[in-house]
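Undergrad: Below is one structure. I have some questions about it.
The values are calculated or read from the model by the stated rules, or taken from the named source; none is laboratory data. For clarity, every value in this text was computed on a predicted model and none was experimentally measured. Don't worry about glycine lacking a Cβ; one is built from the backbone with ideal geometry, like all the others, and counts go over all protein chains shown.
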Amino acid sequence: MQAETISPAVSTDLVHPKKHSKLGNLMRELIKNKHYYILMSPYMLIFFAFTVIPVIISITLSFFYFNMLEFPRFIGWQNYSRLFLNDDVFMIAVKNTFLFAVISGPISYIACFLFAWIINELSPKVRAIMTLVFYAPSISGNVFFIWLIVFSGDRYGYLNGFLIKWGFILEPIQWLTNEKYILPIIMIVQLWLSLGTSFLAFIAGLQTIDKSLIEAGAIDGIRNRWQELWFITLPSMRPQLMFGAVMQITGSFAVADISIALAGFPSVNYAGHTIVTHLMDYGTIRFEMGYASAIATVLFVIMLGTNMLTQKLLRRVGE
């Protein structure tokens, strides 16, 4: 009896049927939704050109010595060992950045949501006015000059003038040159500026909640606004909560302009120094681009890890 021969094509399909089926499904999906991918392509090209590729280049450069004049020279982990073992200023910057993120990040995030929740209950005209009032500081230019006047170190500073007038102090306090006050002042200003994009995202999310869910919840046993908030409002706006968390985390870890404007660059005893100001020091002043890339990579890993942890926590909302 003659043995049957199996063609190579048939044998390949028999060995890897799942591989071919997945590839076929992917191709059919691409062809079916080709118009969506064509519309997305300009953004994706810009995103890859100006975000993904620079991040990859930065991570690669972190293993090189590069001073913008000489050709990059591979040095392995030396930038990272120098960063964590020999750079005392970087450790001060890490401490300040984490203090800033841990204190101001959650407070600003909760404040954004609470103000959005309260304003959402107002009439449409009043809601529009109050949204503009709360959002305006985040889009105003040169707002730091207001705080420079408030915390001015002479008697003409608003805070010093108030405290002297009412007898709390006898001599003006040098708010922005005393390392004891610099970081708390930066946190206060950041909180004042924090009602920005996240605040608008929360307003938009609250506007899209289906009112029938609230009525159904009342029938199912929800008795007060706090139960409604936890079991209906928050689960219904998880995308906005996630977006707001990413924005607040990024803003908390990327503080630089406020510190430079208020406390100078560098600040007294590096009291207002952050990871980003350290990055600016080596990247735009000293032009040690390999070392600056190592700083940027560490900051990227910190932000990525914090975002992943926040996403896990937000998935538990409403459970």
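Undergrad: Would region 204-217 turn up any residue that is touching a residue at least 60 places away in the same chain (Cβ under 8 Å), exposed (fewer than 15 other Cβ atoms within 10 Å of the Cβ), of a type in the set (S, T, N, Q) and more than 24 Å from SER140 (Cβ to Cβ)?
TA: Yes, because at least one residue in region 204-217 is touching a residue at least 60 places away in the same chain (Cβ under 8 Å), exposed (fewer than 15 other Cβ atoms within 10 Å of the Cβ), of a type in the set (S, T, N, Q) and more than 24 Å from SER140 (Cβ to Cβ).
Undergrad: Specify the residue that is modelled with the highest pLDDT; the eligible residues are those in region 126-148 that are loosely packed, with under 13 Cβ neighbours inside 10 Å and assigned to a loop (DSSP other than H, G, I, E, B).
TA: Only one residue fits best here, namely SER140.
Undergrad: Quick one: would you say PHE113 is closer than 12 Å to LEU195 by Cα, of a type in the set (Phe, Trp, Tyr), crowded, with 20+ Cβ neighbours inside 10 Å and in contact (Cβ under 8 Å) with a residue 12 or more places away in the chain?
TA: For PHE113, the condition - closer than 12 Å to LEU195 by Cα, of a type in the set (Phe, Trp, Tyr), crowded, with 20+ Cβ neighbours inside 10 Å and in contact (Cβ under 8 Å) with a residue 12 or more places away in the chain - is met.
Undergrad: A further question on this structure: Residues in region 203-214: is at least one modelled with pLDDT of 85 or more, out of contact with any Leu (no Cβ under 6 Å at 6 or more places or on another chain) and not in a helix (DSSP H, G or I)?
TA: No.
Undergrad: What's the total number of residues in region 148-176 that are closer than 22 Å to ILE258 by Cβ and hydrophobic (A, V, I, L, M, F, W, C)?
TA: 8
Undergrad: Does TRP226 qualify as being free of Cβ contacts under 8 Å to residues at least 24 places away in the same chain and loosely packed, with under 15 Cβ neighbours inside 10 Å?
TA: yes
Undergrad: Across region 149-162, what is the total count of residues that are hydrophobic (A, V, I, L, M, F, W, C), surrounded by 16 or more Cβ atoms within 10 Å (Cβ to Cβ) and assigned to a helix (DSSP H, G or I)? Break it down into steps so the answer makes sense when it comes.
TA: As a first pass, look at region 149-162 and keep what is hydrophobic (A, V, I, L, M, F, W, C): 149-151, 159, 162.
Adding the requirement that they be surrounded by 16 or more Cβ atoms within 10 Å (Cβ to Cβ) leaves 150-151, 159.
From the residues that got through so far, the ones that are assigned to a helix (DSSP H, G or I) too are 150, 159.
Qualifying residue count, region 149-162: 2.
Undergrad: Which residues, taken from region 61-86, are free of Cβ contacts under 8 Å to residues at least 24 places away in the same chain and not aliphatic (A, V, I, L, M)?
TA: GLU70, PHE71, ARG73, PHE74, GLY76, TRP77, GLN78, SER81, PHE84, ASN86
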